[in-house]
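Structure first, commentary second.
The values are calculated or read from the model by the stated rules, or taken from the named source; none is laboratory data. Worth saying up front: this structure is predicted, and the values here are computed from it rather than measured. Backbone-built Cβ (ideal geometry, glycine too); neighbour counts: all protein chains shown. The area values use the complete protein model at the heavy-atom level, side chains included, leaving out ligands, DNA and RNA. Shrake-Rupley method; radii C 1.70, N 1.55, O 1.52, S 1.80 Å.
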Amino acid sequence: MVMPDTLTDLAPAKINLTLRVLGQRADGYHRLDSLVGFAEIGDRLSVAASESLSLTITGPFASATGNTP
């Protein structure tokens with residue numbers, strides 16, 4: 001099986017409609033009760049093989065991250 005050079009997928013935005021913290025579990029995590037909805041908008045993620053590690057952020061708020069192409 002030949003893998004593509006770049007894998008791209010949409011990570012849909014999750015909207016918390018309700019969120020209740022029900023208490024701490026024995027393992028230190030918290031029990032949660034939540035109702036969520038997923039939007040048709042979100043972040044588009046692309047991953048490609050490379051010899052070095054890099055991160056490129058694009059979009060209307062990219063300049064706020066200090067990491068623009």
*Test Val21 against the stated conditions and say whether it is among the β-branched types (Val, Ile, Thr) and within 21 Å of the chain's Cα centre (by Cα).*
no
_Filtered residues of region 31-53 (kept if open to solvent by 100 Å² or more (accessible area, probe 1.4 Å) and touching a Leu at 6+ places or on another chain (Cβ under 7 Å))_ = Arg31, Leu32, Arg44
_Condition check: touching a residue at least 12 places away in the same chain (Cβ under 8 Å), open to solvent by 80 Å² or more (accessible area, probe 1.4 Å) and either in contact with a helix residue (DSSP H, G or I) (Cβ under 9 Å, 6 or more places away or on another chain) or not basic (Lys, Arg) (or both). Does Phe61 satisfy that?_
no
*Would you be able to say whether some residue in region 15-34 is in contact (Cβ under 8 Å) with a residue 24 or more places away in the chain and of a type in the set (Lys, Arg)?*
no
*Scanning for something touching a Gly at 6+ places or on another chain (Cβ under 7 Å) and either modelled with pLDDT under 90 or surrounded by 10 or more Cβ atoms within 10 Å (Cβ to Cβ) (or both), does region 14-29 turn up at least one residue?*
yes
*Please tell me if Arg44 is touching a residue at least 12 places away in the same chain (Cβ under 8 Å), of a type outside the set (A, V, I, L, M) and outside any loop (DSSP other than H, G, I, E, B).*
yes
